[in-house]
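Novice: Let me give you the structure first, and then I'll get to my questions.
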Amino acid sequence: MSFEIDIVCGMQVNSKKAKYKTIYKGKIYYFCSSACKRAFASNPEYYIEHGPTGHPD
């Protein structure tokens, strides 16, 4: 299995089965939920710079 870290909450995500993902500046980011994907989309540079901050409310 191939795992990636959700850049928003820090959870491990199986990249082969991930339902939520996006491409930003040529890199694929995987998310555990639609909430994490939305949080990243609203401020991607913040998460790239600071890393996971926990699951968004």
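Bear in mind these aren't lab numbers, they're just calculated from the coordinates by the rules spelled out. Model, not experiment: these values are computed from the prediction. A quick note on method: Cβ atoms are made from the backbone with ideal geometry, for glycine too, and the neighbour counts reach across all protein chains shown.
Novice: Do we find that G51 is of a type outside the set (D, E) and surrounded by 13 or more Cβ atoms within 10 Å (Cβ to Cβ) in this structure?
Specialist: no
Novice: Let me ask something else about it. Within the chain, considering only strands (runs of 3 or more DSSP E) that don't extend past its boundaries, which have at least 1 residues that are hydroxyl-bearing (S, T, Y)?
Specialist: Fully inside the chain and qualifying: 20-24, 27-31.
Novice: Does V13 qualify as being in contact (Cβ under 8 Å) with a residue 24 or more places away in the chain and among the aliphatic types (A, V, I, L, M)?
Specialist: Spelling it out, it is not the case that V13 is in contact (Cβ under 8 Å) with a residue 24 or more places away in the chain and among the aliphatic types (A, V, I, L, M).
Novice: Going by the conditions given, is P56 of a type outside the set (D, E), surrounded by 15 or more Cβ atoms within 10 Å (Cβ to Cβ) and over 9 Å from the mean Cα position of the chain (by Cα)?
Specialist: Numbers: of a type outside the set (D, E): yes; surrounded by 15 or more Cβ atoms within 10 Å (Cβ to Cβ): no; over 9 Å from the mean Cα position of the chain (by Cα): yes.
In short, no.
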